[in-house]
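Engineer: Got a structure here, written out as structure tokens. Questions coming.
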Amino acid sequence: MDFFSPQQWEQAQWIGKLAVVNPFCEERTQVERHLLGKRHQERYRVWNSVDGELSVNQNLSILDDLCDSLVRDGLSRWDACGKDLDEQQLQSWDLLCLYWLFSRQRRPMCANVYLGEQSESATSNLYPAFLQDFSQCLLRPGRRVPTEYSPEGIFALFHQLHRAFNYTFDFIAGGTLAAANLRSSIWQSIFTHDLRRYYHHLRGSMNQVTTLITGESGTGKELVARAIALSQHIPFDPKTRGFSTNHLRGFYAVQLSAMPQALVESALFGHVRGAFTGAIQDRQGCFEACHPCGCIFLDEIGEVSQEIQVKLLRLLQTREFQRIGDETLRRFPGKVIAATNADLKENCQKGLFRQDLLFRICSDTIQTAPLRTLIDSQEQELRQFVTVLSKRMLEEDTAAEEFATAASDWIVSHLGLDYGWPGNVRELEQCLRNLLIRGEYHPFHSFPEEKKRLPWREWLKEHPLTAEEMMMQYLQALYEQEGTLAAVARKAGLDPRTVKKYLH
């Protein structure tokens, strides 16, 4: 009797890919499509967003059933065949079981993310049942090679994965490909592009990598930073059955452009009594208050003085700092996330920003997308953003939805779907407040107007292209609209291999 048939081994290997793939990237959809074939529901091109409205990916239930069937078949044959599995087969089995374990924890862990201060304690209560499942499938007797995963490590990782998914999806709205790409970029910033390497080698040291978020003003850079900060790895102790800290205590935002430069240094590094006029007592700065699983968010880092840039550089190089007026060296154990809407490379050339500091903060970069790109002239996407913002303004859902419908209709009829939103989400918020109070909105004339799209013939006069370049531009535009190579090939009437040649 064989442990698995060749078809089952192939299914196990593909499900194993689901256990480690970025859920917001195109590869996730490709894996689902391969596993489900004709049963795959194509409407879930962008994770959990259909026509600009939140929904549940119905492919998950089919995948969970398939995975559960494979695991239970394997467990029923383990005593007879488990000892014969080689190292490669055991690796495939382990990844299959990890997805099975994750699917069994999905509902309770997702619910626990939103419990605030009780989140970690509620999640800890799930550990006994998780440990029983883990032992049942990954700690089986007779294995040639022990599993490379520990129950406490995987439990902590699952908790982190659920936080990362929920906060990333909640904070970054939109069903366009641009929104999906931003969510995918955030996921990579948290876990890198290789989840297995992250688990084995990086989960305890990712706080040493500084993340730089760039983009136009009002594009949600702080929301991106918050999603990353609330999704940091938090160790789990199986002896005490507890996490080392609560994830909500891990975000320290410092608005560098909102305070006088004289106070910025004290806010960051702290000071001792008598260090300067008005320092009547010792003060702990945010770098000292931050715990190892926490993040310091430095908004508008391009606005700080050269003197503070030097101190930030030293902190990032040595992980040490001093309070103002004190010689004692203190350690900074957390992660730094910086943001700017300025061109730091240009500022370096002008002598306004230190190049060595730029090199220290740009090892991991995320580019936010402007609102006009996220909406992409699609009415359903505009309505989704309007609905999300309306629910923040009006407590009652029914009232919020009624206002969102009326506000969306007003924007479409008065501003049009091609309006550029130069103030991005911040401008849309003020637009809605104007509509809520006065029933109308007049954009500020000081905002630069978005350049209108030129007709195709006129655009070609300014941008002459070869036939090869024109085909590339055309297929790229289709890909941004459709999201998959297969869909582009169908719409363009081309062989998928031809499409792939022009897009890669």
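The values are calculated or read from the model by the stated rules, or taken from the named source; none is laboratory data. Predicted model only: the values in this text are computed from it and were never measured. We place every Cβ from the backbone using ideal geometry, glycine too, and count neighbours over all the protein chains shown. With ligands, DNA and RNA removed, areas are computed over all heavy atoms of the protein, side chains included. Shrake-Rupley method; radii C 1.70, N 1.55, O 1.52, S 1.80 Å.
Engineer: Per residue, how big is the convex hull of segment 223-369 when only Cα atoms are used? Give it in Å³.
Structural biologist: Dividing the Cα hull volume of segment 223-369 by its residues yields 136 Å³.
Engineer: Would you kindly compute the Cα radius of gyration of segment 121-185 and its largest Cα-Cα separation (Dmax), both in Å?
Structural biologist: Rg, Dmax (Cα atoms, Å): 16.7, 49.
Engineer: When the Debye formula is applied to the Cα atoms of segment 193-308, each taken as the same point scatterer, what base-10 log of I(q)/I(0) results at q = 0.10, 0.11, 0.12, 0.19 Å⁻¹?
Structural biologist: For segment 193-308 at q = 0.10, 0.11, 0.12, 0.19 Å⁻¹, log10 I(q)/I(0) is -0.40, -0.48, -0.56, -1.12.
Engineer: For segment 103-217, what does the relative contact order come out to in percent, with C-alpha contacts under 8 Å and a separation of six or more?
Structural biologist: Averaging sequence separation for qualifying contacts and normalising by length gives 20 percent for segment 103-217.
Engineer: Now a separate question. Can you compute the charge dipole magnitude of segment 1-158 about its Cα centre, using +1 on each Lys and Arg Cβ and -1 on each Asp and Glu Cβ, nothing else charged? Give it in debye, rounded to the nearest 20.
Structural biologist: On the way: 16 positive and 22 negative charges, 49 e Å.
The dipole magnitude comes to about 240 debye.
Engineer: Still on this structure: How would Glu87, Glu288, Glu120 line up by accessible area, probe 1.4 Å, largest first? If you can, show how the numbers build up before the last one.
Structural biologist: Numbers: Glu87 110, Glu288 45, Glu120 10 Å².
Result, largest first: Glu87, Glu288, Glu120.
Engineer: How compact and how long is segment 264-351, expressed as Rg and Dmax of its alpha-carbon atoms in Å?
Structural biologist: Rg then Dmax for segment 264-351, in Å: 13.8, 40.
Engineer: Right, something else. How far apart, in nm, are the 7 Å Cα→Cβ label points at Leu329 and Asp282?
Structural biologist: Label-label distance for Leu329 and Asp282, simple model: 1.9 nm.
Engineer: Now for a separate question. Within segment 174-265, list the trypsin sites (Lys or Arg not before Pro) lying in a DSSP loop whose Cβ has at most 14 other Cβ atoms in a 10 Å radius.
Structural biologist: Loop-located and lightly packed - Lys239.
Engineer: At q = 0.18, 0.21, 0.26 Å⁻¹, what log₁₀ I(q)/I(0) does segment 178-241 have when each alpha carbon counts as one equal point scatterer in the Debye sum?
Structural biologist: Reported log10 I(q)/I(0), two decimals: -0.74, -0.93, -1.23.
Engineer: Same structure again: Longer than 25 Å from Cα to Cα, which of Lys345/Lys501; Lys239/Lys335; Lys311/Lys335; Lys345/Lys500; Lys17/Lys239; Lys221/Lys335 are they? Say none if no pair is.
Structural biologist: Those over the limit are Lys345/Lys501; Lys239/Lys335; Lys345/Lys500; Lys17/Lys239.
Engineer: How far apart, in nm, are the 7 Å Cα→Cβ label points at Lys391 and Gln88?
Structural biologist: A separation of 4.7 nm, rounded to one decimal place.
Engineer: Now a separate question. For the chain, what is the relative contact order in percent, using Cα pairs closer than 8 Å and at least 6 residues apart in sequence?
Structural biologist: Working: 683 pairs, mean separation 69.3, N = 504.
Relative contact order, the chain: 14 percent.
Engineer: Right, another one. What is the Å³ per residue value for the convex hull set by the Cα atoms of segment 214-263?
Structural biologist: Taking the convex hull of the Cα positions in segment 214-263, it is 105 Å³ per residue.
Engineer: Accessible surface of Val388 in the full protein assembly, 1.4 angstrom probe, to the nearest 10 Å²?
Structural biologist: Ignoring ligands and nucleic acids, Val388 comes out at about 50 Å².
Engineer: Whole number in Å², please: accessible area per residue of segment 145-251, 1.4 Å probe, ligands, DNA and RNA not counted.
Structural biologist: The answer is 34 Å² per residue.
Engineer: At a 1.4 Å probe, what is the % contribution of carbon and sulfur to the accessible area of the chain?
Structural biologist: Summing carbon and sulfur atoms, their accessible area is 49 percent of the total for the chain.
Engineer: While we're looking at this one, here's another question. For Cα pairs less than 8 Å apart in space and 6+ apart in sequence, what is the mean separation divided by the residue count of segment 343-431, i.e. the relative contact order in percent?
Structural biologist: Numbers: 51 pairs, mean separation 23.9, N = 89.
Worked out over segment 343-431, it gives 27 percent.
Engineer: More than 32 Å apart: what percent of Cα pairs in the chain qualify?
Structural biologist: Value for the chain (Cα pairs over 32 Å): 53 percent.
Engineer: Give the average over all directions of the projected area of the C-alpha convex hull of segment 1-157, one decimal, in nm².
Structural biologist: About 10.1 nm², averaged over all directions.
Engineer: Report the Stokes-Einstein translational diffusion coefficient (µm² s⁻¹, integer) for segment 87-212, Rh taken as the Kirkwood radius over Cα pairs, at 25 °C with viscosity 0.890 mPa s.
Structural biologist: Estimated diffusion coefficient is 152 µm²/s.
Engineer: Bins of 10 Å, beginning at zero and ending with the bin holding the largest distance: percent of Cα pairs per bin for segment 235-294, please.
Structural biologist: Per 10 Å bin, starting at zero, the Cα-Cα P(r) for segment 235-294 comes out as 19, 37, 25, 14, 5 percent.
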